[in-house]
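Student: Take this structure, written in structure tokens, and hold onto it; I'll ask about it next.
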Amino acid sequence: MVLPTQGHLLRIFIGEDDHYEGKPLYEWIVQRAREQGLAGATVIRGLEGFGAHSRLHTAKFLRLSEDLPIIIEIVDTLEKIEAFLPLIDKAIEEGLATIEKVEIRFYRSGKNQ
């Protein structure tokens, strides 16, 4: 797959405890992104954060986790991201999605194609 030098970053903020169709929501979203042929997805687990409810989620205490923030990042063309958003919208009950322009410097697998 070849990406243009000007792309877009979809960033989705959800909670670690969020689920959809019996699996963690972040896994479900990544699977949908792969099925739709998006360039790739990365899931990042945050150490601390708060959202629309202003409830602090943190890993500082003795508990292993307290519904820690999860960020899913996907870079592709705006057209593919815009087509993807309606497919996942129903699954996200609480969260935030942003889109921003990015300059793509390279996208390669390291294997001879």
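The values are calculated or read from the model by the stated rules, or taken from the named source; none is laboratory data. Not measured: the values here are computed from a predicted model. No Cβ is skipped: glycine too gets one built from the backbone with ideal geometry, and neighbour counts run over all protein chains shown.
Student: May I ask you to verify whether Y26 is aromatic (F, W, Y), modelled with pLDDT of 95 or more, farther than 16 Å from L96 by Cβ and buried (at least 16 other Cβ atoms within 10 Å of the Cβ)? I'd like the intermediate steps shown before the answer.
Tutor: Values: aromatic (F, W, Y): yes; modelled with pLDDT of 95 or more: yes; farther than 16 Å from L96 by Cβ: no; buried (at least 16 other Cβ atoms within 10 Å of the Cβ): yes.
No, not satisfied.
Student: May I pose another question? Would you confirm whether or not segment 3-19 contains a residue that is of a type in the set (A, V, I, L, M, F, W, C) and over 14 Å from the mean Cα position of the chain (by Cα)? Explain how you work it out, then say what you get.
Tutor: Step one: list which residues in segment 3-19 are of a type in the set (A, V, I, L, M, F, W, C), which gives 3, 9-10, 12-14.
Still in the list and also over 14 Å from the mean Cα position of the chain (by Cα): 3.
Yes, segment 3-19 contains at least one residue that is of a type in the set (A, V, I, L, M, F, W, C) and over 14 Å from the mean Cα position of the chain (by Cα).
Student: So, one more: Out of everything in segment 63-74 that is at pLDDT below 95 and buried (at least 16 other Cβ atoms within 10 Å of the Cβ), what residue ends up being nearest to L38 (Cα to Cα)?
Tutor: First pass over segment 63-74, keeping only residues at pLDDT below 95: 63-69.
If we keep only those that are buried (at least 16 other Cβ atoms within 10 Å of the Cβ) too, we end up with 66, 68-69.
Working: E66: 31, L68: 26, P69: 23 Å.
Top of the filtered list is P69.
Student: Okay, next question. Run R55 past the list (1) loosely packed, with under 12 Cβ neighbours inside 10 Å; (2) under 10 Å from the mean Cα position of the chain (by Cα) and report the number of the one that doesn't hold.
Tutor: It is condition (2) that R55 fails.
Student: Additional query: Whether any residue in segment 78-97 is of a type in the set (K, R) and farther than 26 Å from V2 by Cβ is what I want to check. Before the answer, list the steps.
Tutor: Taking segment 78-97 as the starting set, the residues that turn out to be of a type in the set (K, R) are 80, 90.
Okay, now just the ones that are also farther than 26 Å from V2 by Cβ, so 90.
Checked segment 78-97: at least one residue is of a type in the set (K, R) and farther than 26 Å from V2 by Cβ.
Student: Considering only segment 75-94, I want to know if a residue exists there that is modelled with pLDDT under 95, more than 21 Å from Y26 (Cβ to Cβ) and surrounded by fewer than 12 Cβ atoms within 10 Å (Cβ to Cβ).
Tutor: Taking every residue of segment 75-94 in turn, none turns out to be modelled with pLDDT under 95, more than 21 Å from Y26 (Cβ to Cβ) and surrounded by fewer than 12 Cβ atoms within 10 Å (Cβ to Cβ).
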